[in-house]
Amino acid sequence: MFTASLEKIGGITIRLFKSCGRLFLFFIRGFINAFILPIQFNKIIDQTWFIGAKSFFVIVLTAVFTGMVLGLQGYYSLAKFGSEAGLGAAVAMTLVRELGPVLTAIMVTARAGSAMAAEIGVMRVSEQIDALKTMHINPVRFLFTPRLIASVISLPLLTALFIVVGILGGYLSGSILLGINQYDYMDAVIKSVDIEDINGGFSKSFVFSVVVTTICCYRGYYTHLSSGFGARGVSLSTTNAVVQSCIFILIFDYIITFFLV
């Protein structure tokens, strides 16, 4: 009984280390291929459009209501201490340092990351990736590298959009609906945010872009190893990609915050 349990734990541990090593090598191969000529400009532009431009609406909508909720909750919290004038600073700092990069990455994972995992997973189970290898086309360079570059370009820009729209959402909630002086709100925003906060937020968005794209493409590429073939395998790999990406976003958020604070 004890030996069987020990063997089971050992098997799980070995599979975990194999998966981590495979993920790391997958990322390294895709990263190196980004510097090999010719650069795949057409694919990068297509993926930038898919990951970035097509996420515009969902990012704006999420940012507006996030900012409005922050403005509403922050107002009543600060009102207890007579500090309503600091609402702009509270909203801006929360969005720039934490919620902007994190929620942007999660929304991109939900919209674009799941699509990456599903598309590459379908290509795996339908043997299209094997066909690429037969034609001497590097499938990692063809499928993963353009998405990685496009994500690194798109996610920081979407984060900036989220932060700006979120601050405006806080302005709508705090100034227009609750009556805080609009000049006090914007003055607090301007005075509270400095370049270190902005650099920290964009550093997070850059790391999140690499994490999300790597995990989602990896899960799709190796669908046959972890989830099996067929529609069920693709659905499981897509689910795993989204869940694991969100978990690692939060883990790396803590790690980066720990070193930046």
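Throughout, read-outs are computed from the coordinates displayed, never taken from laboratory work. Everything quoted here is computed from the prediction, not taken from an experiment. Positions of Cβ are generated from backbone atoms using ideal geometry, with glycine treated the same way; all protein chains shown enter the neighbour counts.
In table form, for the structure just shown:
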| read-out | value |
| --- | --- |
| Likely footprinting exposure, 143, 23, 61, fewest C-beta neighbours within 10 Å first | 61, 23, 143 |
| Whole-Å semi-axes of the ellipsoid equivalent to the range 24-86 (Cα gyration tensor, √5λ, descending) | 44, 16, 9 |
| The range 174-243 versus the range 1-44: alpha-carbon centroid distance in Å | 22 Å |
| Whole-percent pair-distance distribution, where bins are 10 Å wide, for the alpha carbons of the range 143-261 | 12, 30, 28, 19, 9, 3 |
| Rounded FRET efficiency, nearest 0.05, which uses the C-beta distance separating residue 130 from residue 36 and R0 of 22 Å | 0.50 |
| Surface/4 of the Cα convex hull for the chain, nm² | 18.2 nm² |
| Sites residue 58 and residue 3, calculated FRET efficiency, Cβ-Cβ separation with R0 51 Å, nearest 0.05 | 0.50 |
| Given 12 as the ceiling on other Cβ atoms within 10 Å, longest exposed-site-free region of the chain for chymotrypsin sites (Phe, Trp or Tyr not before Pro) in DSSP loops | 82-261 |
